[in-house]
1. For the range A:31-95 and the range B:255-328, what is the separation of their Cα centres, given in Å?
2. Once you mark the trypsin sites (Lys or Arg not before Pro) that are in a DSSP loop and have at most 16 other Cβ atoms within 10 Å, what is the longest gap between them in chain A?
3. Using Cβ counts within 10 Å as a stand-in for footprinting exposure, how do A:His28, B:His272 rank, fewest first?
4. Subtracting the Cα-Cα distance from 0.36 nm times the residue separation, let me have the gained length for B:Asp31 to B:Glu268 in nm, one decimal.
5. Want the number for A:Asp41 to A:Ile79: 0.36 nm per residue separation, take away the alpha-carbon distance, what's left?
6. Can you give the FRET efficiency for B:Val168 and B:Gln89, using 1/(1 + (r/R0)^6), R0 = 25 Å, r = Cβ-Cβ distance, to the nearest 0.05?
7. Using the per-residue mean of other Cβ atoms lying within 10 Å as a proxy for protection, in what order, highest first, do the peptides A:63-76, B:45-58 fall?
8. Within the set of other residues whose C-beta is less than 12 Å from the C-beta of B:Phe235, count the net charge using Lys and Arg as +1 and Asp and Glu as -1.
Amino acid sequence: MSKQEWPLYEVFIRTKSGLSHRHAGSVHAADDQMALGNARDTYTRRSEGVSLWVVRSDSIVASDPAETSAFFEPAEDKIYRHPTFYKIPDGVENL
Amino acid sequence: MYTQGLDQAGKEQREVAETADMLDAFQARIDAEEKIEAKDWMPEAYRRTLIRQISQHAHSEIIGMQPEGNWLTRAPSLKRKAILLAKVQDEAGHGLYLYSAAETLGVSRDQMVGDLLSGKAKYSSIFNYPTLSWADIGAIGWLVDGAAIMNQIPLCRCSYGPYARAMVRVCKEESFHQRQGFEIMLTLCRGTDEQKAMAQDALNRWWWPSLMMFGPNDSESKHSAQSMAWKIKRFSNDELRQKFVDVTVQQAGYLGISVPDDELRFDEASGHYTFGEIDWQEFIDVIAGNGPCNKQRLLKRRAAHDDGAWVREAAQAYASKQAARAAA
């Protein structure tokens, strides 16, 4: 067994032009170039993508699920940001 | 998200005592069909159950390459060779999706691979049977992958998000596996008497081991009830086995070969086939390491791992050197 475990990379696939990249899974690789090759062989064996991103997992900064409600709280009470907050009388069209 | 940084969060959380309130809140999320994600709080037993199940599943895919790999150079045509190679590559891919999913729970890839190589970890009993003829490749695709699909489709709705997502990907690919197996069987069954006899022989040998793939009877299954409550499992072993028998017996009828079970009959009242008792002693023996190929499978996996060590070391050395140069 190799002494050092290869780092983990997250894999993102754009399935076709016009769509954004979407998380597909992860791969281990010794370096960036190998990560791209491994991601291709693991996640696009049936032409699932036209573009691949790989990024070192330890480079991702993520929000903490234990703090979810506090973290997203600022948006909770701002219902006036939604169009449904405004009442438009019957008869007004195209609004 | 499958990030390594998550492991740290997991370890801190493990020190928090599991109070009844926390367990109740967790169960309420499960009952509400919410998905559990990697960084979410989860009971230790839920985490352990998933690590065991997902890693065993991954090991099964990896060991499962061997019985079919046995026929890669001997498949009867270039087309069959190419198809079989694609299928074996898929099995490797499935193993990798699943190892990734297990890693989100805080277990390392090296740890899982080490457990497989040391013989500590289990894998599906079915892969300890030999592939004696080309017809066995047909029988594996049709029966073994067919049984796997029965098990795996409900896992696409499993409560643990990363496992469920990996299974969606796996299930899409399994369908090709089962169809190519059935097509091999169909070609043999429409061929000469000798070819049809090969197909019958393969069915005879793979039928019972395939039924064992669903695990012990519900009354004997030690993990079932808790896994059902956690929605890791959606159907019991016996329910899935019954479903498999019902569809497969009909397919065997189409092929014109017969399932090796004297007690098999259609029960009008229930609308299901009833079938004979499985030889559970054989199942226990194979799981315990005494099946026809257990030793061979493990020796071959260890050899492949050892033979590949220099490649891993060279890649690591190259990456370290490039990183050092870039830093200089």
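Values in this text are rule-based calculations from the coordinates and carry no lab data. The structure displayed is predicted, hence computed values, not measured ones. Here the Cβ is made from the backbone with ideal geometry for all residues, glycine too, and neighbour counts use every protein chain on show.
1. That distance is 37 Å.
2. A:47-77
3. Placing the least packed residue first, the sequence is B:His272, A:His28.
4. 81.8 nm
5. 9.1 nm
6. 0.85
7. Packing order, densest peptide first, comes out as B:45-58, A:63-76.
8. Around B:Phe235, the charge tally is +3.
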